[in-house]
Amino acid sequence: MAPFKQRDVVYVYDGTFEGFLCCVFESFMHKELPVSILSEKNTQPSLLDRFNITTDLKNAERVRKSIINEISREALEFLEDALLTALPEKEMKMLDFTRTGYKAGPKILKMLANDSVITLTKAIKQMTHEAQKFMGFVRFSIHDDLLLAKIKPVNFVLYHLAAHFSKRMPDEKFIIYDEKHKMLCAYAKGRYVVSEATDIEMPEADSAEQSYRDLWQMFYDTIAVEGRENPKCRMTLMPKRYWSNLTELQKPSGTKNKKMLTNREEKANGTFALLP
């Protein structure tokens, strides 16, 4: 196999996994290594030549099959997860992983001395950990017969959340909006789609939804044991970056003129009330 030559060029693709596979295809076809691989959303002005990679599904499928046959299916899934991470320059690490994998075969995933393998492995662990956090932290609001939720993750976790909630709530219809990445997941009748979404405004809670939110906030405050409050522990288990979309940590309706009773006497009596 002829050696790859470094070329002062930036590959630009559409950000999809199929688009990345086309970058791999072009790299191997021309026996070249680009300086960088960037999605269209992340491109910046540069003095380097720009090579726009068109997503060709036939070429992408060729690369997909070759990864499965010559490396392993697990390696393909590893790359799919790697693309969902927030790792800077992840595509170059993924290209290096692929090139090494064609030489090493299935054992590539165990080569933890390899820089690309260990870096991508750590990034994937962080991404999956964040996805698991959101499986517990996502708060849905009811609007007619639709469940709506908003999240702000560091990594792109929508695919993991879509798979999780479609199994957990198969008879519901829901939308999860990722306000950081400007993407949304929509689910109905056993199928979900993930697509770009710009200028999305979540509807205001109606009176019924707001009542449920107030009750949940009241319950959350009431069950707290005053003498055992541990803010540091809570921030460890529930980092503050999640708080903006947690229903129980939002101000109940009417808090400007009312306050929640949380004193021990009211708790002991089992009385829940709002005082003027």
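The values are calculated or read from the model by the stated rules, or taken from the named source; none is laboratory data. What you see is a predicted model, and the numbers here were worked out from it, not measured in a lab. When we count neighbours, we look across all protein chains shown, and the Cβ atoms used for this are built from the backbone with ideal geometry, even at glycine. Protein only, heavy atoms only, side chains kept; ligands, DNA and RNA dropped before computing areas. Shrake-Rupley method; radii C 1.70, N 1.55, O 1.52, S 1.80 Å.
Suppose the filter is open to solvent by 10 Å² or more (accessible area, probe 1.4 Å), under 13 Å from F20 (Cα atoms) and among the aliphatic types (A, V, I, L, M); does L83 pass it?
For L83, the condition - open to solvent by 10 Å² or more (accessible area, probe 1.4 Å), under 13 Å from F20 (Cα atoms) and among the aliphatic types (A, V, I, L, M) - is met.
When you scan region 203-215, how many residues do you find that are open to solvent by 50 Å² or more (accessible area, probe 1.4 Å) and either under 19 Å from the mean Cα position of the chain (by Cα) or of a type in the set (D, E, K, R) (or both)?
The total comes to 3.
Determine which single condition I53 fails, assuming it passes every other condition in (1) open to solvent by 60 Å² or more (accessible area, probe 1.4 Å); (2) in contact (Cβ under 8 Å) with a residue 24 or more places away in the chain.
For I53, the failing item is (1).
Name the single residue that is nearest to W243 (Cα to Cα) among those in region 103-159 being surrounded by fewer than 20 Cβ atoms within 10 Å (Cβ to Cβ) and of a type in the set (F, W, Y).
Here the answer is F137.
For N59, only one of the following conditions fails: (1) among the polar types (S, T, N, Q); (2) over 24 Å from E196 (Cβ atoms); (3) open to solvent by less than 60 Å² (accessible area, probe 1.4 Å). What is its number?
Of everything listed in (1) among the polar types (S, T, N, Q); (2) over 24 Å from E196 (Cβ atoms); (3) open to solvent by less than 60 Å² (accessible area, probe 1.4 Å), N59 misses just condition (2).
Mind checking which pairs have a first residue in region 130-145 that is closer than 20 Å to D214 by Cβ and a second that is in a loop (DSSP other than H, G, I, E, B) and open to solvent by 50 Å² or more (accessible area, probe 1.4 Å), Cβ under 7 Å, 6 or more apart or different chains?
Note: pairs meeting the criteria are H143/P203.
For region 184-202, give me each residue that is open to solvent by 40 Å² or more (accessible area, probe 1.4 Å) and among the β-branched types (V, I, T).
V193, T198, I200
Find the helices (runs of 4 or more DSSP H) located wholly in region 157-241 whose residues include 2 or more that are closer than 22 Å to M135 by Cβ and at pLDDT 80 or above, and list them.
158-168
Only one of these conditions is not met by T198: (1) farther than 27 Å from K125 by Cα; (2) among the hydroxyl-bearing types (S, T, Y); (3) in contact (Cβ under 8 Å) with a residue 24 or more places away in the chain. Which number is it?
(3)
Step by step: first the residues of region 165-183, then only those that are under 14 Å from L84 (Cβ atoms) and not aliphatic (A, V, I, L, M), then the one that is most open to solvent (accessible area, probe 1.4 Å). Which residue is that?
For region 165-183, the residue satisfying everything is K180.
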